[in-house]
Structure formats: structure tokens, C-alpha cells
Amino acid sequence: MAKSVPPPGTSDITPEEVPTWRFLEDSARKIFSLYGYGELRTPIFEYTEVFQRGLGDETEVVKKEMYTFEDRGGRSLTLRPEGTAGVMRSLSGTDALNGVEHRVFYIGPMFRGERPAAGRRRQFHQIGVENAGKVSPELDAECISMLVHYLETIGITGFTLYINTRGVAADRPAAEEALRAHFAPHLAEMCDDCRERFERNIWRILDCKVEGCRKIIDTVPDPASFFSEESKQYFRKVCDTLTAMKIPFVVEPRLVRGLDYYVHTVFELTHPGLGAQTAIAGGGRYELLLPECSKPIQGVGFAAGMERLIMVREALGIPAVPMEHPRIFLVSMGEKALAFNAAFSAKLRRAGITTALELEMKSLKSQMRSADRVKAAYSVVVGDSELESGKVMLKNMADSSSREIALDIEAFKKELL
Ligand code: HAM
């Protein structure tokens with residue numbers, strides 16, 4: 001394999017691509033801070049237990065997808081497959097465990113050993129939000145509305161918001177019994193994975209994408225109809241608040257999400273521009289149990305996959321955010337001019353003007369070609385006569401018009417800033 005190719009499921013993000021990434025990140029910082037969220041940066045690896053306890057031993061992610069290794073001190077560590085558990089590990093040292101609200105967001109790489117495909121990476125990037133400490137349906141709705149606000153800001157339209165309730169632990173046995181009664185007579189027609197899920201975690205069956213299983217899943221009774229009145233009421237309040245906020249949504253009784261920490265509200269946003277991987281973002285309310293914590297930490301949040309946000313923007317025909325091009329290209333005619341330009345470029349850059357030049361003697365033609373290649377907005381040619389007169393012709397590279405200006409920093413600032 002060529003050395004320039006990174007490991008499967010990972011990608012380089014090139015200088016041409018980074019401006020779009022930064023736009024997504026900067027927009028997130030701007031929007032989330034409007035809602036009082038502060039950025040939290042947690043380590044990229046955690047003790048393996050944080051994910052085993054936090055996400056649940058039975059989740060696909062923990063069972064099959066984690067990058068786990070032992071460090072030199074014999075500790076078992078894992079590259080974070082998602083952000084919530086690490087954020088909660090960090091907040092478990094605060095009063096969030098006693099019901100005090102904390103609002104944080106994070107941006108960064110996550111790692112899952114999945115089979116790589118378009119929109120499914122082994123190193124991918126999430127923009128995520130967690131609201132820890134408080135439990136209220138209005139908070140769940142606000143969290144969803146913030147995600148919608150963010151997507152609008154980055155130009156993403158045409159998504160569908162699916163929501164559902166997972167109830168709380170006490171609601172589950174009755175619903176599980178109904179699920180078991182529904183699936184038991186069909187087990188022979190279902191896939192191997194579903195037969196295993198039937199034994200270990202029956203809810204996961206609702207997630208199955210296999211055609212033959214879907215037919216059976218489609219007629220399943222709504223698990224939420226077996227939940228307590230209190231849980232139903234909680235979900236109604238989330239839906240009513242979203243309706244009052246004029247946020248369209250679809251209640252999807254089969255939406256369970258892939259992580260086991262969820263309670264009450266779960267949601268997922270899909271977009272047709274993504275092909276097979278349809279989720280651009282997902283989240284919900286959770287109760288997350290951490291090693292050495294006597295009780296679970298409560299929260300609500302979501303994460304959006306940055307690679308998928310970019311795929312959707314492309315599918316919608318939104319152009320990539322362009323790289324910053326030089327405002328000015330300094331062309332040097334002769335050794336004296338080259339020395340002058342080397343010093344002058346430093347002054348221009350300190351004044352905040354993006355400047356390009358060749359640092360070795362090249363022909364006029366070759367320097368003009370460079371100015372075109374780097375897409376400079378303007379160019380000036382500096383030679384002995386310009387140095388003598390203190391005047392240069394400022395050439396607009398787009399329309400080839402030129403104007404005489406003084407060869408000093410103040411004149412350049414006036415024209416180029
Ligand atoms: P998740 O649904 O596993 O949730 O991931 C959230 C988003 O990350 C997905 O909707 C998708 O856009 C992106 N994503 C996940 N896996 C991959 C992958 N292999 N390649 C590319 N993109 C991917 C969570 O991670 C939860 N922690 C979200 C959350 C926060 N729930 C509560 N708070």
C-alpha cells in the first residue's frame with residue numbers, strides 16, 4: 001500500500017477542506033454559546049471502564065467496536081467511541097451529580113472499529129452537547145431546538161426529526177414482555193443477530209435493518225403504550241413543547257438508538273442526501289452510571305457527525321468554504337527588490353494582510369504564474385524604478401485594472417484591508 005494512504009476508515013482533512021470544517025466548528029461555538037453552553041475538552045482516551053459502565057457492556061459499540069489497549073502502566077484504556085461518557089466522567093466531579101445544571105459542548109475525533117463505508121469512518125468527528133444535572137421535558141425540547149438552530153445556521157435543510165420515548169427502567173419489563181410475545185412466534189424467520197438480541201437485549205431487534213426482520217418489526221405494538229402514565233406524560237410534554245416551538249417531528253415508536261444509557265426522550269435526524277448512513281445526528285436523555293459513582297448522572301444531549309454534515313452540505317449543492325487567498329502578491333524584479341519585498345512582506349503580514357511572494361529570483365512570467373496559482377487578489381511589481389520613485393502599480397488580478405499607489409505600508413493598508 002502506498003505510504004500516503006492513511007489506515008482504513010480514516011482520512012486526511014486537507015488545507016482545502018479545513019475551512020469548511022472550521023465553519024462548522026465556529027458556527028457550533030457561536031450557536032451553543034447563545035444557549036449558555038461552554039466548551040469542554042476531555043481526553044481522547046479514557047479508562048476502558050468509563051465506556052463499559054457508561055454505555056453498557058451489551059451495546060454493539062462496547063462489544064465490537066472499541067479501540068482498547070493497555071498502556072505501559074498496565075491500565076486498560078480506550079480511544080473514545082463517543083463523547084457523552086467522558087464528559088460525564090468529567091462532570092461527575094462536580095455538583096451535577098446533585099442536580100445542579102451544567103451546559104457543555106465538545107468538538108473532536110471519536111473512534112469506532114466499524115466496517116468503513118461512505119459516511120461510516122473509524123475515526124470520525126462529532127460536535128456534541130450535554131446538559132447534565134437537571135431532568136425536564138422542556139430541557140429535552142430546548143436541546144433538540146438548539147440542534148435544529150445549528151443545522152439551519154450551517155445551511156442544512158430537508159432533514160427529518162424522529163423522536164421516541166424509551167421510558168425509564170421500571171417501564172421496561174411490561175414492554176419487554178409484549179415485545180417477546182410479538183417476536184417469539186417469528187424467531188425462525190428472523191436473522192441470527194435478532195435471535196441473539198431476543199435473548200440478550202430484545203430492544204435492539206427494533207433497530208434491525210434486515211428486510212425479512214423489518215416486516216415483523218413493522219407490526220410490533222408500540223412499546224411506549226406499556227409505559228407508566230408518568231413516562232407517557234413526560235413524552236407528551238416534550239412533543240407539546242416542540243410543537244409550540246414550531247419544530248416539525250415524527251414520532252417513531254421503533255426508534256431505540258444504539259446506546260443503552262437512554263431514558264425517556266430519544267431522537268435522531270436523518271437526511272436523504274446521506275445514502276445508506278442516514279443519521280446526521282442523534283441523542284436523547286440518559287442516565288449514565290460511572291465507575292466509583294454511587295448513582296447515575298442525568299443528562300440530555302446529542303452529537304452530530306461532522307463528516308456527515310459535510311456530505312449533506314455537498315448533496316445540497318452548498319459550495320465548500322474557500323481557503324483564504326492572499327490579498328497581495330509581491331513580484332520582485334532584481335536582487336534589491338527581492339530584499340525589499342522580503343522585509344515589506346513581514347510588515348504587511350504584521351498589519352494583517354495575507355501576502356505571498358517568491359523568495360528566490362524567478363522570471364516575471366513565472367512570478368505572475370505563481371500569483372495566479374495562489375489566487376492573489378492583487379499584485380504589484382517592484383523593481384529598481386519603483387524603489388526609486390516610491391510608487392507601484394497595484395493590479396487587480398480579477399479584471400487586470402491597475403492603479404498607482406505609494407510603496408508604503410499605510411497606502412497598502414488603505415487599499416487592502
Ligand atoms: P451516535 O448516534 O452513536 O450517538 O452518534 C452520533 C452521530 O455521530 C451519528 O448520528 C453520526 O452522524 C455520527 N457517527 C456515529 N458513528 C459514526 C461513524 N462510524 N462514522 C461517521 N459518523 C458517525 C452518540 O455518539 C451519542 N453520544 C450522542 C449523545 C450525546 N446522546 C446523548 N448525548
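The values are calculated or read from the model by the stated rules, or taken from the named source; none is laboratory data. Source: prediction; values computed, not measured. Positions of Cβ are generated from backbone atoms using ideal geometry, with glycine treated the same way; all protein chains shown enter the neighbour counts. To get the accessible areas, we keep the full protein, side chains included, count just its heavy atoms, and leave off ligands, DNA and RNA. Shrake-Rupley method; radii C 1.70, N 1.55, O 1.52, S 1.80 Å.
Of the conditions (1) more than 16 Å from the ligand (Cβ to nearest atom); (2) closer than 29 Å to Gln52 by Cα, Arg257 satisfies every one except a single condition; which number is it?
The failed condition is (1).
Any idea how many residues of segment 348-360 are within 19 Å of Lys336 (Cα to Cα) and either exposed (fewer than 12 other Cβ atoms within 10 Å of the Cβ) or at pLDDT below 95 (or both)?
Counting residues in segment 348-360 that are within 19 Å of Lys336 (Cα to Cα) and either exposed (fewer than 12 other Cβ atoms within 10 Å of the Cβ) or at pLDDT below 95 (or both) gives 2.
If Leu259 meets every condition in (1) modelled with pLDDT of 95 or more; (2) within 30 Å of Glu82 (Cβ to Cβ); (3) of a type in the set (A, V, I, L, M, F, W, C) apart from one, which number is that one?
(1)
Determine which member of the set Ile247, Ile310, Ile280 is of a type in the set (Val, Ile, Thr) and in a loop (DSSP other than H, G, I, E, B). Step through it out loud before you land on a result.
Values: Ile310 fails: in a loop (DSSP other than H, G, I, E, B); Ile280 fails: in a loop (DSSP other than H, G, I, E, B).
Result of the check over Ile247, Ile310, Ile280: Ile247.
Can you list residue pairs whose Cβ atoms sit under 7 Å apart, with the first residue in segment 6-23 being more than 10 Å from Met323 (Cβ to Cβ) and the second being more than 14 Å from the ligand (Cβ to nearest atom) and open to solvent by 80 Å² or more (accessible area, probe 1.4 Å)? Count only pairs 6 or more apart in sequence or on different chains.
Pro6/Asp12
Please identify the pairs in which a residue from segment 301-323 that is loosely packed, with under 14 Cβ neighbours inside 10 Å has its Cβ atom under 9 Å from the Cβ atom of a residue that is β-branched (Val, Ile, Thr) and not in a helix (DSSP H, G or I), counting only partners at least 6 apart or on another chain.
Leu316/Ile156; Leu316/Thr157
Which of the residues that make up segment 275-288 are open to solvent by 10 Å² or more (accessible area, probe 1.4 Å), more than 8 Å from the ligand (Cβ to nearest atom) and at pLDDT 90 or above?
Matches in segment 275-288: Glu287 only.
Output the strands (runs of 3 or more DSSP E) that fall wholly within segment 40-150 and possess 3 or more residues being open to solvent by 20 Å² or more (accessible area, probe 1.4 Å) and either out of contact with any Cys (no Cβ under 6 Å at 6 or more places or on another chain) or away from the ligand (no atom under 12 Å from the Cβ) (or both), or say none.
Filter on segment 40-150 gives 67-70, 102-111, 123-132.
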